[in-house]
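Next up is a structure, given as C-alpha cells.
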Amino acid sequence: LKQEALEKVSKSENVQSLKDVRVEYLGKKGPITEVLRGMGKLSKEERPVIGQLANEVRESIAAAIDTKQTRLEDEELEKQLEAESIDVTLPGRPVRVGGPHLLTSIVEEIEDLFIGMGFEIKEGPEVETDYYNFEALNLPKGHPARDMQDSFYITEELLLRTHTSPVQARTMGQKDGNEPVKMICPGKVYRRDTDDATHSHQFTQLEGLLVDKHVRMSDLKGVLNAFAKQMFGAERDIRLRPSFFPFTEPSVEMDISCKVCEGKGCSVCKGTGWIEILGAGMVHPNVLEMAGYDPKEYSGFAFGMGPERIAMLKYGVDDIRNFYTNDIRFLEQYHKA
Ligand code: FA5
C-alpha cells in the first residue's frame, strides 16, 4: 500500500492531483483510516504491531505528499512569476489624448469674450415651434422672407430651428416686460441649404440680444467692434452693410476682411476680400411688443453669427465640411498642447 501511494505521489504533476492522492490514501474513507478503525477487532498482541505499522505508513505517505506539495507549489509560483514578469526596459506605448473639437473651442472663445462684456449664456430647443422660429420674430405665415431660410419641417407647427433667433423671443418672453436682457445663445441650426465650401445644412449659430432703455445702433456697433478686434486682432477691417431681417430694423450684415487668412484658407472669401460672419440690427418694435416689452420705453439690438465661418477665418480652414467629416488628422491640428 505504501509503495503504491508513494508511486502515485511521485507521479503527481500538479497540486490538484496530489490532493486527490491525499484524499484517496489518508482521507476518512481511505485504507489506512479503515485499518485503524478495525483495530477493535484485533487481538491484544496484534493491536500495537498493526497500529504502529499503520501509523508509520500514514506518516511516511503524508511526509512524501508534503514534500512534493511544497515543490509543486514553488514550481507553480515560479511559472506564474515568469509569465507575469514585466520588462521595464521596453519603450512605453504612446497614449492618444483627445481634445476639444475646433468648433467647441471657437464657441467657448466667443462665449468668453461676451461673458467679459457682461452677457449671460442661454439655451433653446433645436426642435422649435413655427411660432418662435418665425411668428414671434415678425415673420407671419406666408411672409415671403420665410424663404430666406429653407426649413426642415417635422409637422405643420414643428420644425428644426433655422436660426438661434427664436431664443431671443423665448428669453424676452420669460421676463415681465420690464427688465433688461443681455444674453448670448450658441447652438445647432438646420437649413435646406446645398452643402458647399461655406454652407452646410446643419451648422452653428451664436445669437446675441441686448434689451434695455435707450439702446442705440452705436451700442451694437461698439459691441461688434470690440468682439471682432479681440477675435481677429486689432489690424483687421470690419464693415457693416445695410441688410434686411424681418425681426430687426434697421438691419446690417458684418463682414471681416480676408487679410486674416493670407494664403491657405483665403478661398473662403472667393476673391471679394470679405466674408460675411453675422447678421444684426435693432430689435423690431413688433418683436419687442410680442414679447411683452413697450417699444416706446425699451429698445434693443440683436445679432446672429456663424462660428464655423469665424473659425475658418481665424484658422485658415478652407472648407466648412472639415468640421463635420471627423477626419482626426484635420481635428488634431487644432488640439492645444
Ligand atoms: C440669420 O440667421 C439671422 N437670424 C441673424 C440675425 C440675428 C440677424 C439677429 C439679426 C438679428 P443669416 O441667415 O444671415 O441670418 O445667418 C447668420 C450667419 O450664419 C451668417 O452670417 C453666416 O455666418 C452663418 N450661416 C448662414 N447660413 C449658413 C450655412 N448654410 N452654413 C454655415 N453658416 C451659415
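Nothing in this text is a laboratory measurement; each read-out follows from the coordinates by a stated rule. Note that the structure is a prediction, hence the values are computed from the model and not measured. FYI the Cβ positions are ideal-geometry reconstructions off the backbone, even for glycines, and counts take in every protein chain you see.
Please compute the modelled spin-label separation between Lys11 and Asp319, points set 7 Å along Cα→Cβ, answer in nm with one decimal.
Each label point is offset 7 Å from its Cα along the Cβ direction, giving 7.4 nm.
Right, another one. For Lys213, put the label point 7 Å out on the Cα→Cβ axis and report which residues of the stretch 270-305 keep their amide N under 16 Å from it.
Residues 293-300 qualify, since their backbone N sits under 16 Å from the label point.
So, in nm, how far is label Glu109 from label Arg47 when the simple model puts each one 7 Å beyond its Cα toward the Cβ?
Distance between label points: 10.1 nm.
Now, a different point. Please give the peptides 187-195, 106-114 ranked by average Cβ packing (other Cβ atoms within 10 Å per residue), highest first, as a rough proxy for protection.
With the highest mean Cβ count within 10 Å placed first, the list reads 106-114, 187-195.
Now for a different question. What is the extension gain from Glu78 to Glu126, computed as 0.36 nm multiplied by their sequence separation minus the C-alpha to C-alpha distance, in nm to one decimal?
11.0 nm
Separate question: When ranked by the protection proxy of mean other Cβ atoms within 10 Å per residue, highest first, what sequence do the peptides 302-315, 18-31 form?
Those peptides, ordered most packed to least, come out 302-315, 18-31.
Could I ask something else about it? Under 10 Å, Cα contacts only: if you run a Gaussian network model on the chain, which one of Ser165, Ser257, Ser218 comes out with the highest mean-square fluctuation?
Ser218
Given a Förster radius of 35 Å and the C-beta distance between Ala145 and Asn326 as r, what FRET efficiency does 1/(1 + (r/R0)^6) yield to the nearest 0.05?
Efficiency, rounded to the nearest 0.05: 0.50.
If you don't mind, another one. Going by average Cβ density within 10 Å per residue, which order do the peptides 324-330, 132-138, 244-250 take, highest to lowest? Show your work: numbers first, answer last.
Values: 324-330: 10.4, 132-138: 22.1, 244-250: 19.3.
Packing order, densest peptide first, comes out as 132-138, 244-250, 324-330.
Skipping prolines and chain starts, which residues have an amide H placed within reach, meaning under 5 Å, of the one on His163, given they are 5 or more residues away or on another chain?
Placed amide hydrogens put Tyr190 under 5 Å from His163.
Kindly express, to the nearest 10 degrees and within the range 0 to 90, the angle between helix 2-11's C-alpha long axis and the longest C-alpha principal axis of the chain.
So the helix axis and the longest Cα principal axis differ by about 30 degrees.
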